[in-house]
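**Student:** If you scroll down you'll find the structure; I have some questions about it.
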Amino acid sequence: MLASNASSGLSFASADPGSPWRMYLEQIDRVLPHLGRLAAAVETLRRPKRVMIVDVPIETDDGRMVHFEGYRVQHNLSRGPGKGGLRYHPDVGLDEVMALAAWMTIKNAANNLPFGGAKGGVRVDPRALSVKELERLTRRYTSEINMIIGPDKDIAAPDVNTNEQIMAWIMDTYSMNVGHTATGVVTGKPLALGGSMGRNRATGQGVFFIAREAGRRLKIPIKGARVAVQGFGNVGRPAAELFAAHGAKVIAVQDAWGTLYAERGLDIPALIQVADEPGGVAASGLGERIDTEAFWDLPTDYLVPAAMESQITEQRAARIQTRAVIEGANGPTTPAADDVLGDKGITVVPDVMANAGGVTVSYFEWVQDFSSYYWSEDEVNRRLEEIMVDAFARVWDIAADRKLPLRTAAYIVACERVLDARRIRGLYP
Ligand code: NAD
């Protein structure tokens, strides 16, 4: 007889208390007292359902064979097929991909999308590869994980350093392997291959919708607000652009190369034109280059971390002077930093609500692929707004009623949905 269902830990998880997976586990610990009888089944959320580690060998353009490490993690599939992006980064590792997959479980459930949570990664610096090498890497990685992905199994999408061309290669490779064109195996595809209108900008668009909703409740008008954005990629660019277009002053933008500042507000459309030049935003000459750490001292109304995880540490949280943190990135705030910001009266709108625009339009893309009937951009954005605004209102009300942080409220909604689905399905065999 089994003595207990208590967590015995995972032999392959990092022991580092600051690791993304540990951050996720701590977030689960925080929601546990609010789950009632469902708390007894929480162990299912504390371990990924399936972890795949693959060797990805490729031939370089000069004829050498080099190897990369790849991952696909399916954290939970109780509510539907796995869904989550693919990251190419030299530092990506299993622990990080496990956390990102788990956050997808929570995000999909919190927004009531009919998906489980998954994520992939390849430990590579894609800038060091030629286009042909990048294609070979992507196709070999796809072939290695082919048996666990598919439109009704697990659907990838772009994340850090991956884009619609990479999604097209995945779609083609999977289709070749299964013998028919399967557009629904990835989202974030080019329009010509069954992509959705509005997908490219969807995450940033959603960040803006949620900032606006939070701002209404917190009485922080967008017009005239001071905004700082960390990360000027897929998520950060459209978010910054929308803030500026609605009358906010985006006073600082930071990317991996440096930080650009302008007290009067940066010209975001102009910055987007030159942001991919060598040296990034700080080399653009469109504002004053300031020290990277000084970014966290700037007084703002909205702070939008849209780069990587663990950027808002306890130490930075102590210095941050803002009214609302709108998490565009996944896992940008450590649990200790959450506490510091909460004590300072700063509202943190968690990633699982604020950046759900991308996966929501990915859901629309998947639905459109199944029906082979495509919607206009207006229709996509209207439905996106409806889903995100409704999900946010529900979470906001729970947080207000029970006097909880928004993250805990979002986790209550998500964990209840996942654990209830698990309970109704029962345990096989
Ligand atoms: P991206 O690669 O397009 O852009 C990342 C940006 O962050 C770049 O400007 C890069 O220079 C900057 N950056 C990287 N490291 C940094 C550092 N240490 N300091 C400052 N800036 C740094 O990636 P993205 O798709 O915009 O993703 C950003 C975040 O948003 C990630 O956490 C990702 O998981 C999350 N996210 C992305 C999507 C999406 O649809 N792309 C959806 C949901 C969440």
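**Student:** Using only the Cα atoms of the stretch 283-429, construct the convex hull and provide its projected area averaged over every direction, in square nanometres to one decimal.
**Tutor:** Averaging across all directions leaves 13.3 nm² for the Cα convex hull.
**Student:** Limiting things to C-alpha atoms, what are the Rg and the maximum Cα-Cα separation (Dmax) for the stretch 149-195, in angstroms?
**Tutor:** Expressed in Å, the Cα Rg and Dmax of the stretch 149-195 come to 9.7, 30.
**Student:** What FRET efficiency would be calculated for the residue pair SER11, ARG264, taking the C-beta separation as r and a Förster radius of 56 Å, to the nearest 0.05?
**Tutor:** 0.55
**Student:** How big is the stretch 48-180 by Rg and Dmax over its Cα atoms, in Å?
**Tutor:** 14.2, 48
**Student:** Kirkwood Rh and Cα-based Rg: tell me the resulting Rg over Rh for the stretch 212-356, rounded to two decimals.
**Tutor:** 0.93
**Student:** Oh, and also: Mind putting together the pair-distance distribution for the stretch 29-85? All Cα pairs, 10 Å bins, whole percent per bin, short to long.
**Tutor:** The distribution over the stretch 29-85 is 18, 30, 25, 15, 9, 4, given as percents.
**Student:** Please list, or write none, the aspartates and glutamates whose alpha carbon is within less than 13 Å of the alpha carbon of LYS249, excluding same-chain residues fewer than 8 places away.
**Tutor:** By straight Cα distance, LYS249 reaches GLU241, GLU263, ASP267, ASP301.
**Student:** Taking only DSSP H segments of four or more residues, each worth -39500 (n - 2.57), what value at 222 nm results for the chain once the sum is divided by all its residues, to the nearest 500 deg cm²/dmol?
**Tutor:** The helix-only estimate for the chain comes to -13000 deg cm²/dmol at 222 nm.
**Student:** Which log10 I(q)/I(0) values, to two decimals, does the chain give at q = 0.08, 0.13, 0.14 Å⁻¹ under the Debye formula with one point per Cα?
**Tutor:** -0.42, -1.17, -1.36
Each reported figure results from applying straightforward, stated rules to the coordinates on display, with no laboratory input. Because the structure is predicted, anything quoted here is derived from the model rather than measured. Virtual Cβ from ideal backbone geometry, glycine too; neighbours counted across all protein chains shown.
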